[in-house]
Ligand SMILES: CC(C)(COP(=O)(O)OP(=O)(O)OC[C@H]1O[C@@H](n2cnc3c(N)ncnc32)[C@H](O)[C@@H]1OP(=O)(O)O)[C@@H](O)C(=O)NCCC(=O)NCCS
């Protein structure tokens, strides 16, 4: 398994946008697949904010994670955010989701980000196991969500740039 930038695999954008749409489209029922695809394309940076990383095996998509400036309209004071953590159903339970979330933490650390944020309607337990703390539970986009955060720490051997 490799983790690479989606920007280097543009042919995967439509597949990933559809998977995200099927998973989270209910949160924004007025957002079309086309709009979500354009939003995903617009996030395809490398080593910055926004960026999208994908887990791949022999070129096939296993999952994704995103580093974006804002993810909650009601918490524009918080930045940046881990979002779009997704593993295809057939490949879950093999550590890919954890690896993708950790890769985004490393990307954030390398950018000098002190703290990362996320919200999740469904996966609080998954993130708690990865060391994320619960900051707030609230109602957002019609759902009960957990707002969580994590202090960025270096991966072994990485150095933080001087800002
Ligand atoms: C959540 C998700 C990314 C986990 O991916 P994964 O590759 O299966 O994760 P890992 O293999 O690294 O970790 C799996 C562990 O997390 C746990 N886990 C998975 N989803 C969970 C959830 N929603 N809540 C609590 N724990 C969860 C599993 O039980 C498993 O635990 P185990 O090792 O004791 O069996 C994947 O299930 C997924 O894509 N779900 C749909 C999208 C989603 O909910 N994304 C989260 C952001 S809202």
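The values are calculated or read from the model by the stated rules, or taken from the named source; none is laboratory data. Bear in mind the structure is a predicted one, so any value in this text is a computation, not a measurement. Reconstructed Cβ throughout: ideal geometry from the backbone, glycine too, with neighbour counts over all protein chains shown.
Go through 113, 104 for me and flag whichever is buried (at least 22 other Cβ atoms within 10 Å of the Cβ) and touching a strand residue (DSSP E or B) at 6+ places or on another chain (Cβ under 9 Å).
Values: 113 fails: buried (at least 22 other Cβ atoms within 10 Å of the Cβ).
Result of the check over 113, 104: 104.
Being out of contact with any helix residue (DSSP H, G or I) (no Cβ under 7 Å at 6 or more places or on another chain) and crowded, with 17+ Cβ neighbours inside 10 Å is the filter here; which residues of the stretch 76-90 pass it?
78, 81, 83
If you check residue 78 against the conditions, is it farther than 26 Å from residue 113 by Cα and at pLDDT 95 or above?
no
Against the definition (closer than 24 Å to residue 17 by Cβ and surrounded by fewer than 15 Cβ atoms within 10 Å (Cβ to Cβ)), how does residue 73 come out, yes or no?
Numbers: closer than 24 Å to residue 17 by Cβ: yes; surrounded by fewer than 15 Cβ atoms within 10 Å (Cβ to Cβ): yes.
Yes; evaluated as a whole, the condition is true for this residue.
Pairs please, first residue from the stretch 121-150 and closer than 14 Å to residue 24 by Cα and touching a residue at least 12 places away in the same chain (Cβ under 8 Å), second anywhere and outside any strand (DSSP E or B) and more than 13 Å from the ligand (Cβ to nearest atom), Cβ atoms under 7 Å, 6+ apart in sequence or on different chains.
Here the result reads 140/74; 141/28, each pair linking the stretch 121-150 to a residue that is outside any strand (DSSP E or B) and more than 13 Å from the ligand (Cβ to nearest atom).
So which strands (runs of 3 or more DSSP E) stay within the stretch 26-130 end to end and still have 3 or more residues that are within 12 Å of the ligand (Cβ to nearest atom) and under 23 Å from residue 153 (Cα atoms)?
60-68, 81-87, 115-120
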